[in-house]
Amino acid sequence: DYGGIYDRWTRGGDEFDFGRLAEILHVTATFESWEFRWAYVVRYAQDHSLTTEERTRTLEQSLGDARERHRFFVTVGVPIFREGDLTGSFSDIRVVLVDPEGRQTSPAEILPIHRPSTDQRIYFPSINRQRHTFRIAFPAVADDGTPTIPADAAFVVLRFAGALGTVDLRWELD
């Protein structure tokens, strides 16, 4: 069931300014784990009437990518819209992946999605006009050859930090 797996791999968090009684940073992210990628491809294949061969090829491509990159589908909301663009010059929000030992990995890529497709709006319901949308990828292996998420890791954190505050989104790993 895609909906249940989406919920299992999606986290949301806020930084709140109590002095202004306002939310100043809101982030939602879906960790595209193996389980999530599997469910996504099955749902996509069903919705688009893919053949078994097309579905298998799409799944193999997605799982092959998972060996190279840890991907997150992210939406960011801030009071001044332009400051939420993680790729823009007005944003000071830093994004890092943090393992249980506290090692931080910077993204290999941050791709803005300026006009989310119908599929993206259906499959990722956190998308709305008040938020920026991104695909963020981290290398699966660090420059020194160590996995960015160790095989025995109990959890992983996606951190958004800057002058507006810090939001840590945490996934417990099985």
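The values are calculated or read from the model by the stated rules, or taken from the named source; none is laboratory data. As the structure is a prediction and not an experimental result, all values here were calculated from the model. With ideal geometry, Cβ positions are generated from the backbone for all residues, glycine too; neighbour counts draw on all protein chains shown. When the accessible area is computed, the model is the full protein with side chains, heavy atoms only, and any ligands, DNA or RNA have been set aside. Shrake-Rupley method; radii C 1.70, N 1.55, O 1.52, S 1.80 Å.
Structure notes:
- Percent accessible area from carbon and sulfur atoms, the chain, protein chains only, probe 1.4 Å: 49
- Helix 34-47 and the longest principal axis of the C-alpha atoms of the chain enclose an angle of approximately 70°.
- Solvent-accessible area of residue 60 with every protein chain in place, 1.4 Å probe, in Å² to the nearest 10: 120
- Surface analysis of region 1-125 yields an accessible area of 58 Å² per residue, using protein heavy atoms and a 1.4 Å probe.
- Under 9 Å, Cβ to Cβ, from residue 44 - net charge with Lys/Arg +1 and Asp/Glu -1: 0
- Under conditions of 4 °C and 1.567 mPa s, the chain yields 76 µm² s⁻¹ as its translational diffusion coefficient, taking Rh as the Kirkwood radius over Cα pairs in the Stokes-Einstein equation.
- Placing unit charges on the Cβ atoms only, positive for Lys and Arg and negative for Asp and Glu, gives the chain a dipole magnitude near 540 debye about its Cα centre.
- Charge dipole of region 60-108 (Cα centre as origin; +1 on each Lys and Arg Cβ, -1 on each Asp and Glu Cβ, all else neutral): 40 debye, rounded to the nearest 20.
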